[in-house]
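The block underneath contains the structure these notes are about, expressed in C-alpha cells.
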C-alpha cells in the first residue's frame, strides 16, 4: 500500500463512529433475511420498468397482459413493488391468479407499495 495513503486511512477510520459500522451488519442481516424469503419462489420472472408509466398507456397495458399470461402459466412475478410498470406487472400477476412479489424499501418521500 502507498505510504502516503496510510495516515489518511487511519484518520478516516477514527472518524467513522462505531454505530456506523454496526449499520453495515444491520443491512447485511436484511439482505440475508430477504434472500431466505425468496429462495422458495420459483419459477419466477422479474419485471423492471419505469415508475412513471401511467395506467391506460400502451406500455402499462402490455406489462399487465404479459405478467397475467406469465402468472397463468405458473410463473411468480417479482417487481419493485412501486407504481408504473411495476404496478402493471403486479396487477397482471394478481389477475392471472399467480404469485406477485413486490420488493420494496422504505425511503422518506417515496411512494408506497402498490396493493397488488
Matching entry among 96, 49 (being buried (at least 21 other Cβ atoms within 10 Å of the Cβ) and not assigned by TED's automatic domain parsing to the domain that holds residue 27): 96
Only listed residue being in contact with a helix residue (DSSP H, G or I) (Cβ under 8 Å, 6 or more places away or on another chain) and assigned to a helix (DSSP H, G or I), chosen from 67, 34: 67
Residues of the stretch 39-59 satisfying the condition of being within 19 Å of residue 97 (Cα to Cα) and not in a loop (DSSP other than H, G, I, E, B): 44, 45, 46
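The values are calculated or read from the model by the stated rules, or taken from the named source; none is laboratory data. Computed from a prediction, not measured in an experiment: that's the story for all the values here. Positions of Cβ are backbone-derived with ideal geometry, glycine not excepted, and every protein chain shown enters the neighbour counts.
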